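Here, each number is a calculation from the coordinates, and none is a lab measurement. What you see is a predicted model, and the numbers here were worked out from it, not measured in a lab. Cβ placement follows ideal geometry from the backbone for every residue including glycine, while neighbour counts extend to all protein chains displayed.
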Amino acid sequence: MIKITTSAFNPYEECQKYQIEQSHLQGKQGAASVFIGTMRDFNEGVEVKGMTLEHYPEMTEKQLTDVVQEAVEKWTLLDALVIHRVGDVYPDDSLVLVAVWSVHRGAAFDASRFIMEALKSRVPFWKQEILADNSKRWVNKNTDGYQANQKK
Amino acid sequence: MSIKVRYFASLKELIGREQDECEYQPNMTAMSVWEKSVKTQSMPNNILAAINMEYVDLQALVVDGDEVAFFPPVTGGLQ
C-alpha cells in the first residue's frame, strides 16, 4: 500500500497496524525489513529549522506504485507498505516509511533498499529547507546515502 | 482541447506560475510545449519532463489533452 500524507505519522505504529491487518501474512512471513527516514536538523554544514516537501500529486502516486510493483514482482514479496510525508516538516519528523514482508530475509533486505533508492531517484518530491536565519533554499542533490568518509 | 502545462519546485518559482494552458498543434513535442508556454525563459539545464505522469524525452510527441510537466531533478537526483 502507498500512502502520501500531510500529517505527522508514527512509522512504528503504522507498520504494526498494517502487519496485523494483512491476514495473508500470518504463518507465511519469515522476514520484514523496515526503513524509516527522519528529518535532520542539519544539512550541508548548516542548521536547518524546517523543510517543505513539495510533490507532484498524481505522478507521485503513479511512480511510487510502479516502484513498489517492480519490487513485489522482482523479489516475490508478500506485501509492502510505503508512507511518505509531504508539506511542512520539522527535525525528528518521520519523512518516509518503507516496510516489506517476504518469506526469507534476502528479499526483504534487498527490496527495501531498492524501493528507497528508486523513490529517491524517480518519485517527484522536492525539498525546500528553512535555515536558521529563515532564508530558504532548494535541495538540489542528495548524498548517495553514505557519509563522505564511510567505507561502502 | 489543449495541453495542460505544469511547473514544480524551483522551476515554478523561476517562471513565476505553476501552470499554463497551451494550444495543441500537430507534431508538438514536450520541448515545443515549453517554448510556446514559457516564452521568456530558456530551459535551465537538467530539467525533466513528464507527459501524463511518465518521464519522457524532450523530443517526445504530445497528444491533444495531455498534461505536460516540467521540473528540476527530484531530490536525490535522476542522473
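Between helix A:11-21 and chain A there is an angle of about 20 degrees, using the helix long axis and the longest principal axis of the Cα atoms. Calculated mean residue ellipticity, 222 nm, chain A: -10500 deg cm²/dmol, from DSSP H runs (n ≥ 4) at -39500 (n - 2.57) each, averaged per residue and rounded to 500.
Pairs A:K120/B:K12; A:K17/A:K74; A:K74/B:K4; A:K28/A:K127: which are spaced more than 28 Å apart, C-alpha to C-alpha? In this structure, A:K74/B:K4; A:K28/A:K127 lie more than 28 Å apart at Cα. The distance from the alpha carbon centre of the range A:1-72 to that of the range B:26-79 is 28 Å, rounded to a whole number.
Simple rule: put +1 on each Lys or Arg Cβ and -1 on each Asp or Glu Cβ in the protein assembly as shown, find the dipole, and look at A:M116, A:L64, A:G45; the Cα lying farthest toward the positive end is A:G45. Remark on chain A: ratio of C-alpha radius of gyration to 2.2 N^0.38 Å is 1.09.
Averaged over the residues of peptide B:2-9, the number of Cβ atoms from other protein chains lying within 10 Å of each residue's Cβ is 3. Residues whose amide H falls under 5 Å from that of B:M28, counting only those 5 or more places apart or on a different chain, are B:V62, with hydrogens built in the peptide plane.
For A:K136, the aspartates and glutamates whose Cα comes closer than 15 Å to its Cα, not counting residues fewer than 8 places off in the same chain, are A:D41, A:E44, A:E47, A:E54, A:D88, B:E13. Averaged over residues, the count of other Cβ atoms within 10 Å places the peptides A:74-85, A:9-20 in the sequence A:74-85, A:9-20, highest first.
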